[in-house]
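Working notes, beginning with the structure itself.
Just so it is clear, none of the values below were taken in a lab; they were calculated from the coordinates. On a predicted model such as this, the values are computed, not experimentally measured, just so you know.
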Amino acid sequence: MILEKSIRLCLLNDFYGNLLTQNQQAVLDSYLNYNTPLTEISQSLNITRQAVLDTIKKATARLEDF
């Protein structure tokens, strides 16, 4: 189930990722394609870990809407 959801999200990101903001694209790219932990993403973008998690949730919801 988790693998299917990840694959679906990767495919949605491939098709509709350009419709997201640059910040959302950067976070999802690191999270999905490079399997980067949330802490490392937050450190590289100078935002909190919670902001990374919120960005992933919002971007995922937008991709699902598209």
ask   = Once the piece of chain linking D29 and D65 is laid out straight, how much longer is it, given 0.36 nm per residue of separation minus the C-alpha distance between them?
value = 11.1 nm
query = To the nearest 10 degrees, how steep is helix 49-65 against the longest Cα principal axis of the chain, on a 0 to 90 scale?
reply = 20
inquiry  = Quick check of the Kirkwood formula: for the chain, what is the inverse mean of 1/r over all pairs of different Cα atoms, in Å?
reply    = 11.8
